[in-house]
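Take a look at the structure below.
The values are calculated or read from the model by the stated rules, or taken from the named source; none is laboratory data. Just so it is clear, the structure is predicted and the values come from calculations on it, not from any experiment. Don't worry about glycine lacking a Cβ; one is built from the backbone with ideal geometry, like all the others, and counts go over all protein chains shown. Protein only, heavy atoms only, side chains kept; ligands, DNA and RNA dropped before computing areas. Shrake-Rupley method; radii C 1.70, N 1.55, O 1.52, S 1.80 Å.
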Amino acid sequence: MTENAHSLPEIHLTDTLGGKKVPLRTLEPGKVGIYCCGPTVYDMSHIGHARAALAPDVMTRFLRQQGYAVKYVRNITDIDDKIIARSLEEDRPATEVSEQYTAEYQRDLDSLGMIEPDVQPKVSDHMTEIVNLVQALVDKGLAYAAGGDVYYRVRQFGPYGELSGRSVEEMIESAGSRIEVDERKESPLDFALWKAAKSGEPSWESPWGNGRPGWHIECSAMSSTHLGQTFDIHGGGRDLIFPHHENEIAQSQGAHGIDTFAKYWVHNGFINIGGEKMAKSLGNFWTIRDILDLYTGEAVRYFLMTVHYRHGLNFEVEVLCPACRAVMGTAQQNALRCKACGHETDAATLRSSVRFPGLEEGDDRVAYVYATLEGARALAGDTDPEGEVTEAVGGMLDAFVEALRNDINTPAALGVLSKPLSEVNGLLASGKGVAKDVRRRTAARFVRDMATAAGVLGCFGEDPAAYLAARCELKAARIGLDVAKVEDLLAERTAARESKDWAEADRLRDVLADLGVAVKDGPDGSVWTL
Ligand SMILES: [Zn+2]
Ligand SMILES: [Zn+2]
């Protein structure tokens, strides 16, 4: 009976429209179209943008791993009030602003290991489609021109409010406070599809005079151009449910005369900083770039995946004393004098002296996984992974996939890896009680199945040694470790060992340990890690 009856596994997603977890039944068996609202490119992207990009990234990777042919579309909003405001502020063309921040966004997402969408449409390339869509709405009586602007006639669209669970009557009642009242509009709820050109602003020709599109119509035009009038999954941040997505539904269903625009609405939760909304004005605003100066992209991905995409994610920030590195408070309560050492500082210095406990944990965890992979690779050699293996490793991949089939539950999927990781570390430490061939085969299976998991998570797919070396360097810089001093101590210790002065070698090992440095002696000399 199911549309996916040709043996693709059952996947469940929580659909915002209806609010229930439902089985994914795609329009065409084995194929999925995903549209996701991308950024408005007028500034550097923040950690919330990273989360919004990660949700469809992991979903696309997983659906592909499950055998679906996915077409993933994420737009770039390169025409918008905020871009124009910035261009006027900086006295340069709006296209220069949007091109600059599109490139910066791309660079951030590359550093975070995000897959490229199959199509990345820009508003400026879809002006004909946008004008045609507005015209279709005017022709159907769902929109009206008013002084060079065109507005959507919200009262004419019956299902308005279904996605966000609001009634039109209630919205009108509270319109005075929430929605700007404009005498050109028939009703305060009506929203702009087309805005008449103002002098000094970029504009395009239209049947209503020169102007530019409103934000909402852009996504309706781009999604139907690249995925059709009805498609499978529409994603975006929770903050877009109303009015943006509500308006997209009104526009697309209204213009095309259809009952379904997106079959599934999938929204990701907010990021709070220390329990508060992130805002530039609160000084608790971190760009992706700020964070990638301190942590690897994989540590950031891992941290974001430890919370289910639908839930709110709390991002803790600790401010450290620049002199003694004691915790001086959270991002919200900046004391300017360190209680531990008395050092006086200023707010600007403190901003660059922060620590993110969640990211520290993510960073440690990713390093632990890589260290385990490195050991497992060495143990496995070229052993065939097929055949008898130990229990946790044998069941790992099935359990991992099962967790993700349940509404892309990444925290559960990451949790599934814990037991196999400790099992493999046990095998690496001692071969006791396990036959030698089972031990090696288990390591080989772990390496193979972790590669599959890595393809879905976008984590753990690098060469372990290379990752660990790069991470060590970043962490040393982050904690203010003097790498030259560590290298000197290590050279002294090597010399002590060569002259068989074991007491001195042990003393130097302790000195290094006090700096947080662990030394591993191997056949090719000593290496250190943090
Ligand atoms: Zn959108
Ligand atoms: Zn201090």
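Within the option set Ile84, Ile79, being assigned by TED's automatic domain parsing to the domain that holds Gly237 and in a loop (DSSP other than H, G, I, E, B) holds for one residue only, Ile79.
Among the numbered conditions (1) open to solvent by less than 50 Å² (accessible area, probe 1.4 Å); (2) part of a helix (DSSP H, G or I); (3) in contact (Cβ under 8 Å) with a residue 12 or more places away in the chain, the only one that Arg448 does not meet is (1). Within region 91-104, no residue that is at positive phi sits with its Cβ atom under 9 Å from a residue that is loosely packed, with under 15 Cβ neighbours inside 10 Å at 6+ positions apart or across chains.
Quick grid of which residues meet (1) among the basic types (Lys, Arg); (2) buried (at least 23 other Cβ atoms within 10 Å of the Cβ); (3) within 16 Å of ligand 1 (Cβ to nearest atom):
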site	(1), (2), (3)
Lys21	yes, no, no
Arg25	yes, no, no
Gly33	no, yes, yes
Ala50	no, yes, no
Leu54	no, no, no
Met59	no, yes, no
Leu63	no, yes, no
Gln66	no, no, no
Arg74	yes, yes, yes
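Checking His343, His308 one by one, the residue that is modelled with pLDDT of 90 or more, within 16 Å of ligand 2 (Cβ to nearest atom) and surrounded by 14 or more Cβ atoms within 10 Å (Cβ to Cβ) is His343 and no other.
What about Val393, is it over 25 Å from the mean Cα position of the chain (by Cα) and either open to solvent by less than 10 Å² (accessible area, probe 1.4 Å) or β-branched (Val, Ile, Thr) (or both)? The answer is yes for Val393.
In contact with a Ser or Thr (Cβ under 6 Å, 6 or more places away or on another chain), free of Cβ contacts under 8 Å to residues at least 60 places away in the same chain and more than 13 Å from ligand 1 (Cβ to nearest atom): which single residue out of Thr230, Thr260 fits that description? Selected residue: Thr260, the only one of Thr230, Thr260 that is in contact with a Ser or Thr (Cβ under 6 Å, 6 or more places away or on another chain), free of Cβ contacts under 8 Å to residues at least 60 places away in the same chain and more than 13 Å from ligand 1 (Cβ to nearest atom).
Looking at region 124-135, can you tell me whether even one residue there is among the acidic types (Asp, Glu) and not in a helix (DSSP H, G or I)?
no
Checking the conditions here, which among Gly214, Gly254, Gly237 is away from ligand 1 (no atom under 11 Å from the Cβ), surrounded by fewer than 24 Cβ atoms within 10 Å (Cβ to Cβ) and not basic (Lys, Arg)? So the residue among Gly214, Gly254, Gly237 that is away from ligand 1 (no atom under 11 Å from the Cβ), surrounded by fewer than 24 Cβ atoms within 10 Å (Cβ to Cβ) and not basic (Lys, Arg) is Gly214. Of all residues in region 317-342, those that are of a type in the set (Ser, Thr, Tyr) and away from ligand 1 (no atom under 16 Å from the Cβ) have Cβ atoms under 7 Å from Cβ atoms of residues that are part of a loop (DSSP other than H, G, I, E, B) and modelled with pLDDT of 85 or more, 6 or more apart or on another chain, in Thr330/Val317.
In a residue-by-residue description of region 19-42, the property of being in contact (Cβ under 8 Å) with a residue 40 or more places away in the chain, over 20 Å from Ser124 (Cβ atoms), in a helix (DSSP H, G or I) and not aromatic (Phe, Trp, Tyr) applies to no position. Among the criteria (1) β-branched (Val, Ile, Thr); (2) touching a His at 6+ places or on another chain (Cβ under 8 Å); (3) free of Cβ contacts under 8 Å to residues at least 60 places away in the same chain, the one Thr410 does not fulfil is (3).
Determine, yes or no, whether Asp125 is within 16 Å of ligand 1 (Cβ to nearest atom), at pLDDT 95 or above and loosely packed, with under 15 Cβ neighbours inside 10 Å.
So Asp125 fits the description; yes.
When you look at Gly165, is it open to solvent by less than 30 Å² (accessible area, probe 1.4 Å), more than 11 Å from ligand 1 (Cβ to nearest atom) and under 24 Å from Cys36 (Cα atoms), yes or no? Judged against the criteria, Gly165 is not a match. Is it the case that some residue within region 459-476 is in contact (Cβ under 8 Å) with a residue 12 or more places away in the chain, of a type in the set (Lys, Arg) and more than 19 Å from Ala371 (Cβ to Cβ)? Within region 459-476, not a single residue is in contact (Cβ under 8 Å) with a residue 12 or more places away in the chain, of a type in the set (Lys, Arg) and more than 19 Å from Ala371 (Cβ to Cβ). The residues of region 297-351 that are closer than 30 Å to Trp265 by Cβ, outside any loop (DSSP other than H, G, I, E, B) and of a type in the set (Gly, Ala, Ser) amount to a single one, Gly297.
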